[in-house]
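The values are calculated or read from the model by the stated rules, or taken from the named source; none is laboratory data. Just so it is clear, the model here is predicted, and its values are computed rather than measured. Methodologically, a virtual Cβ is constructed for each residue, glycine included, from the backbone with ideal geometry; neighbour enumeration extends over all protein chains shown.
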Amino acid sequence: MTSEDWSQAILFLDEHLPLSKSRIKSAMNAGAVWLLRGASQERLRRAKAELLPGDRVAVFYNEALIQMPLLGLELVADRTHYSLWQKPEGMMSEGDEWGDWQALDRQVWLHFERQREVLVLFALAQEVGGIVLVAHNRRAAADLSALEEAGKITRHYRLEVLGETPPSGSINEHSEYRRIDYLTALNASVLAVQSTRGTEDPLRERLAAMGHPVLGDDVYGRQDYRDHLHLKGVGLAFTCPFSGESVHFGRTDDAA
């Protein structure tokens, strides 16, 4: 839709959409309405925002998505410059064109009452739950990213893979595992993994290549156990760049 004259966003949308004003406002609050002005594109949230002649508005409205219960996001630790969160399975780190009300970055921003910058670092995939690190200023993002690049942030994962693995071993040059259980009924090994570089995606790919795909992994593995991906980011450990102390968040006791 293209605005041909000055108008308030809510009035313009009310005229052009077969939706009530309350539903339009819900879509705006959910981040499903976009303002395209020249080469720029941003979410349009304010009902009384002014539209200029030539502005275009795109609406990605899905009633079922907007009515979904909010996924629970739990604060693990607030370190002022950065914070750590327990992300549930199914939560995106950032929104998409259909909205961002369920996204981690939006929920963190609202939690801190719009007072902190939100920079999600080393995000987990949408289907993976676990501990996520969020920086609240550019210096924190740079310092924590430098630790990651130097291999000084250790990520701890708990996962279940098909078959019986050796008691311990390497997955790649940055990741090692220890088998902590074998589930006979599922023919599956429960692994504690520690990794000092990269996301969980290379682990999934490499384990599948080793003949031990993560259960529920329909990208690199088999279609078995499709209820969910049996992989979780259970902990993070690093030296705080601000205090100099060694910090551990979540579970790191099952490390390889």
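Structure notes:
- Within segment 96-115, if we keep just the residues that are in a loop (DSSP other than H, G, I, E, B) and either touching a Leu at 6+ places or on another chain (Cβ under 9 Å) or at pLDDT below 95 (or both), the residue that is nearest to His228 (Cα to Cα) turns out to be Gln102.
- Candidates Gly95, Gly99 - the one that is over 22 Å from His156 (Cβ atoms), small (Gly, Ala, Ser), touching a helix residue (DSSP H, G or I) at 6+ places or on another chain (Cβ under 9 Å) and surrounded by fewer than 19 Cβ atoms within 10 Å (Cβ to Cβ): Gly95
- Answer from Asp217, Asp227, Asp201 - the residue that is part of a helix (DSSP H, G or I), modelled with pLDDT under 95 and not aromatic (Phe, Trp, Tyr): Asp201
- Some residue of segment 29-46 being in the same structural domain as His228 (by TED's automatic domain parsing) and more than 30 Å from Pro241 (Cβ to Cβ): no
- Residue that is under 27 Å from Ala150 (Cβ atoms), modelled with pLDDT under 95 and not aliphatic (A, V, I, L, M), where the choices are Asn172, Asn187: Asn172
- Being in a helix (DSSP H, G or I) and either assigned by TED's automatic domain parsing to the domain that holds Ser83 or touching a helix residue (DSSP H, G or I) at 6+ places or on another chain (Cβ under 8 Å) (or both) is not true of Ala192.
- Residues of segment 167-199 that are touching a residue at least 60 places away in the same chain (Cβ under 8 Å) and either aliphatic (A, V, I, L, M) or out of contact with any strand residue (DSSP E or B) (no Cβ under 6 Å at 6 or more places or on another chain) (or both): Ile180, Ala192, Val193, Thr199.
- Val76 vs. criteria in contact (Cβ under 8 Å) with a residue 24 or more places away in the chain and either at positive phi or in the same structural domain as Leu133 (by TED's automatic domain parsing) (or both): yes
- Of the helices (runs of 4 or more DSSP H) lying entirely inside segment 3-93, those containing at least 3 residues that are under 28 Å from the mean Cα position of the chain (by Cα) and within 28 Å of Glu117 (Cα to Cα) span 21-29.
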